[in-house]
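Nothing in this text is a laboratory measurement; each read-out follows from the coordinates by a stated rule. Note that the structure is a prediction, hence the values are computed from the model and not measured. Counting neighbours? That spans all protein chains shown, and the Cβs are built from the backbone with ideal geometry, glycine included.
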């Protein structure tokens with residue numbers, strides 16, 4: 001839900017009764033809902049979350065009700081670092097799904113990253129981990145831990161985890177998983193690589209690895225005072241590449257050595273390495289910020305264990321065979337070929353695919369000559385596919401256009417790159433369409 005719709009809802013719902021609560025001012029909005037102040041007849045103030053009706057249309061009424069039912073399992077469940085869930089359901093008068101939570105007067109962490117004193121970070125992280133471990137003890141996993149879902153209170157000394165909208169019971173199927181397809185849920189920027197690709201292990205250990213990664217993302221933001229991968233959020237494909245391949249830089253004062261070490265281990269790309277380096281005990285305040293300081297021996301051992309874990313990741317990433325490259329090339333070639341056929345037929349002439357003996361890594365496409373489309377001599381559009389890393393699914397795509405026919409052999413060195421990064425269907429399709437229309441524009445008469 002965008003800010004415009006949330007503002008309109010604030011006007012539409014003002015003074016109306018949802019459930020037994022009178023709707024007041026807008027507190028905040030996210031991608032799935034708007035949160036308002038609300039009041040009971042006796043004056044009790046709560047936070048009322050009203051879900052976006054467009055979300056209901058997309059996933060269905062059954063799915064949203066099931067998600068609310070999962071959140072309602074937390075009614076009466078108390079932890080000092082989790083927002084209390086009071087109730088919720090479907091309001092028949094307004095035809096809206098809603099959830100009622102305790103009202104918190106603190107500040108959203110996303111908005112105050114640069115204000116939180118570094119000496120308070122260990123305490124806040126130990127509280128966040130305590131809440132996440134508490135959920136795990138109840139066979140639940142949050143799956144969307146990030147600064148936006150955290151409120152800070154009492155002069156940045158107390159942390160409260162919010163938004164259990166994608167909470168999951170360990171071992172149960174996802175609510176939006178169907179026909180063998182696991183849809184991505186949560187927030188890409190704070191997703192671990194295995195969760196991004198939905199290759200996570202579905203046992204307690206697998207979900208704990210995701211939780212450690214997301215806690216590590218929050219630790220990064222608090223230490224570095226900026227958001228994880230913030231320089232890579234646009235375009236989407238660049239963020240996908242960053243999550244899978246980039247190692248975030250985490251640096252700070254020597255007094256925060258243990259905090260920084262734990263954060264770095266949390267953000268290791270491989271879940272098994274995260275679990276090999278960390279346990280829940282490492283998130284205790286005594287471990288994150290020892291009262292007596294960190295010994296020189298401990299610092300050396302920490303650096304050594306992290307470097308060994310990094311080395312294992314790098315060796316695993318280099319384990320690539322020619323068969324891997326050929327398979328990934330075939331997959332990319334098929335996707336691009338289908339994509340070209342699906343690009344708007346109303347503005348392009350008929351297309352045919354030519355043999356590619358002149359370059360085994362190229363796709364050669366011929367658009368028929370047509371004065372109606374401004375291509376009197378036709379157009380030959382060539383896409384070159386360079387596999388950078390088949391295991392990590394990284395590639396570079398480049399293109400060139402020729403009038404009617406290709407003169408001699410194909411020299412790909414002069415082609416123009418239009419996509420470089422980890423393969424993402426949406427990103428590749430968008431870039432391919434832009435490249436093709438750029439080529440048509442060049443040759444159109």
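Here are some notes:
- Anisotropy class of the chain from Cα gyration tensor, a/c 1.5 cut: oblate
- Between residue 203 and residue 95, the distance separating the two model label sites (each 7 Å from Cα on the Cα→Cβ line) works out to 4.8 nm.
- Ranked by how many other beta carbons lie within 10 Å on average, peptides 230-238, 262-270 from highest: 262-270, 230-238
- Considered as an equivalent ellipsoid built on the Cα gyration tensor, the stretch 106-319 has semi-axes of 25, 21, 17 Å, the largest given first.
- Sequence-distant contacts, meaning Cα pairs under 8 Å at least 6 residues apart, place the relative contact order of the stretch 1-103 at 22 percent.
- With N as its number of residues, the stretch 51-174 has a Cα radius of gyration that, divided by 2.2 N^0.38 Å, comes to 1.13.
- Residue-span extension gain [residue 119 to residue 438] - 0.36 nm each, minus C-alpha spacing: 109.5 nm
- When each of the peptides 415-424, 151-160 is scored by how many other beta carbons lie within 10 Å of its residues on average, the order from highest to lowest is 415-424, 151-160.
- Theoretical gain in end-to-end length, residue 45 to residue 77 [0.36 nm per residue, Cα-Cα removed]: 9.6 nm
- Relative contact order [Cα under 8 Å, 6+ residues apart], the stretch 322-443, whole percent: 21 percent
- Fewest neighbouring Cβ atoms within 10 Å first, the residues 92, 220 line up as 92, 220.
- Helix 257-266 and the longest principal axis of the Cα set of the chain meet at an angle near 50°.
- Using C-alpha pairs under 8 Å with a sequence gap of at least 6, the mean separation divided by the residue count of the chain gives a relative contact order of 9 percent.
- Burial ranking of peptide ranges 9-18, 140-149, 61-70 (average Cβ count within 10 Å, highest at the top): 140-149, 61-70, 9-18
- In the chain, helices alone account for a calculated mean residue ellipticity at 222 nm of -12000 deg cm²/dmol, with every DSSP H run of four or more residues adding -39,500 (n - 2.57).
- Cα-based Rg and Dmax for the stretch 207-257, where Dmax is the largest Cα-Cα distance (Å): 12.1, 37
- Full extension of the segment from residue 396 to residue 246, taken as 0.36 nm per residue of separation minus the current Cα-Cα distance, would add 52.3 nm.
- Distance (nanometres) between label positions extended 7 Å along Cα→Cβ at residue 333 and residue 110: 4.3 nm
- Sites residue 169 and residue 404 - FRET efficiency at Förster radius 45 Å, r taken between beta-carbons, to 0.05: 0.15
- Measuring r between the beta carbons of residue 5 and residue 298 and using R0 = 60 Å, the FRET efficiency lands at 0.70.
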